[in-house]
Amino acid sequence: MVKMLYWHLTPQEVGETQCPAEKLVHWEIRCGFSEESYFSVYWFKVGIPYDKEPVNGVAMYTVECSKEVAAALEEFLYSTVGGTIVKRGYRTFFSGAKVGLDNRSISDLAKKLVAKFKAGGEIWLEFDGLTDEEAQRLFPEKSLQISS
């Protein structure tokens, strides 16, 4: 069993590839306007670190984005995934947000973000407990094995 990170995936690649959702431990959607200006929406199976207790749901942060973009992203995510908004530093959490963990749900959210914000988009997926066969079947050219 291996732990793998698949990165720089397009929403189309993820949407077309069946992934073992039960072995997914983390996903991240990054959308960029330039190398210096981007935002990220992410999820962790064990919850997103917040003080001593994790928040179950999704979170977002922006880097070198205007306040208008950050506010629009927060509003869009709230209308899409719901949850209770909790802010901490530069991150916004959507506690209790409802997100699908299958390849199509992640891909669809990424496509919506790309279209809404007219930004480039990529997806990172991290799995734990993959068989060697599963690891090779997913995205071998965009993979990085993680030591446990």
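Please go through the stretch 44-72 and give me each residue that is in contact with an Asp or Glu (Cβ under 8 Å, 6 or more places away or on another chain) and closer than 17 Å to ALA110 by Cβ, ordered by number.
MET60
Pairs please, first residue from the stretch 31-50 and in contact (Cβ under 8 Å) with a residue 12 or more places away in the chain, second anywhere and small (Gly, Ala, Ser) and crowded, with 17+ Cβ neighbours inside 10 Å, Cβ atoms under 7 Å, 6+ apart in sequence or on different chains.
CYS31/ALA119; CYS31/GLY121; GLY32/ALA119; PHE33/ALA119; TYR38/GLY32; TYR42/ALA59; ILE48/ALA59
When the residues of the stretch 56-111 are narrowed to those that are among the charged types (D, E, K, R) and not in a helix (DSSP H, G or I), which ends up nearest to PHE33 (Cα to Cα)?
From the stretch 56-111, those among the charged types (D, E, K, R) are 64, 67-68, 74-75, 87-88, 91, 98, 102, 104, 108, 111; that's our starting set.
If we keep only those that are not in a helix (DSSP H, G or I) too, we end up with 64, 87-88, 91, 98, 102.
Details: GLU64: 10, LYS87: 23, ARG88: 24, ARG91: 19, LYS98: 27, ASP102: 27 Å.
The extreme case among them is GLU64.
Are there any pairs with C-beta distances below 9 angstrom linking a residue in the stretch 51-79 that is under 14 Å from LEU113 (Cα atoms) and in contact (Cβ under 8 Å) with a residue 40 or more places away in the chain to a residue that is surrounded by 11 or more Cβ atoms within 10 Å (Cβ to Cβ) and among the basic types (Lys, Arg), with the two at least 6 apart or on different chains, and if so which?
Filtered contacts from the stretch 51-79: ALA72/LYS116; LEU73/LYS116; PHE76/LYS112; PHE76/LYS116.
In the stretch 90-114, what count of residues is obtained for those that are among the polar types (S, T, N, Q), farther than 18 Å from CYS65 by Cβ and without any contact (Cβ under 8 Å) to a residue 40 or more places away in the chain? Don't jump to the end; show me each part of the working.
Taking the stretch 90-114 first, the residues among the polar types (S, T, N, Q) are 92, 95, 103, 105, 107.
From what is left, the residues that are farther than 18 Å from CYS65 by Cβ are 95, 103, 105, 107.
From the residues that got through so far, the ones that are without any contact (Cβ under 8 Å) to a residue 40 or more places away in the chain too are 105.
So the answer is 1.
For LYS111, all conditions in the list (1) farther than 23 Å from VAL46 by Cβ; (2) out of contact with any helix residue (DSSP H, G or I) (no Cβ under 7 Å at 6 or more places or on another chain) hold save one; what is the number of the exception?
Going through (1) farther than 23 Å from VAL46 by Cβ; (2) out of contact with any helix residue (DSSP H, G or I) (no Cβ under 7 Å at 6 or more places or on another chain) one by one, LYS111 breaks only (2).
Considering the stretch 62-106 alone, what residues qualify as being hydrophobic (A, V, I, L, M, F, W, C), closer than 20 Å to GLY47 by Cβ and over 15 Å from the mean Cα position of the chain (by Cα)?
Filtering the stretch 62-106 down to residues hydrophobic (A, V, I, L, M, F, W, C) leaves 63, 65, 69-73, 76-77, 81, 85-86, 93-94, 97, 99, 101, 106.
From the residues that got through so far, the ones that are closer than 20 Å to GLY47 by Cβ too are 77, 81, 85-86, 93-94, 97, 99, 101, 106.
Listed by number, the residues that qualify are ILE85, VAL86.
Would you be able to say whether some residue in the stretch 135-146 is surrounded by fewer than 20 Cβ atoms within 10 Å (Cβ to Cβ), β-branched (Val, Ile, Thr), touching an Asp or Glu at 6+ places or on another chain (Cβ under 9 Å) and closer than 14 Å to TYR6 by Cα?
Yes, the stretch 135-146 contains a residue that is surrounded by fewer than 20 Cβ atoms within 10 Å (Cβ to Cβ), β-branched (Val, Ile, Thr), touching an Asp or Glu at 6+ places or on another chain (Cβ under 9 Å) and closer than 14 Å to TYR6 by Cα.
Before we move on, is LEU144 at pLDDT below 95, touching a Leu at 6+ places or on another chain (Cβ under 7 Å) and part of a strand (DSSP E or B)? Explain how you work it out, then say what you get.
Details: at pLDDT below 95: yes; touching a Leu at 6+ places or on another chain (Cβ under 7 Å): yes; part of a strand (DSSP E or B): yes.
So LEU144 fits the description; yes.
Take the residues in the stretch 1-49 that are outside any helix (DSSP H, G or I) and among the small types (Gly, Ala, Ser); name whichever of them is surrounded by the fewest Cβ atoms within 10 Å (Cβ to Cβ).
We begin by selecting, within the stretch 1-49, every residue outside any helix (DSSP H, G or I); these are 1-10, 17-20, 24-49.
Keeping just the survivors that are among the small types (Gly, Ala, Ser) gives 32, 34, 37, 40, 47.
On the way: GLY32: 17, SER34: 9, SER37: 15, SER40: 17, GLY47: 15.
Going through the qualifying residues, I end up with SER34.
The values are calculated or read from the model by the stated rules, or taken from the named source; none is laboratory data. Just so it is clear, the structure is predicted and the values come from calculations on it, not from any experiment. All Cβ positions, glycine included, derive from the backbone under ideal geometry; neighbour counts span all protein chains shown.
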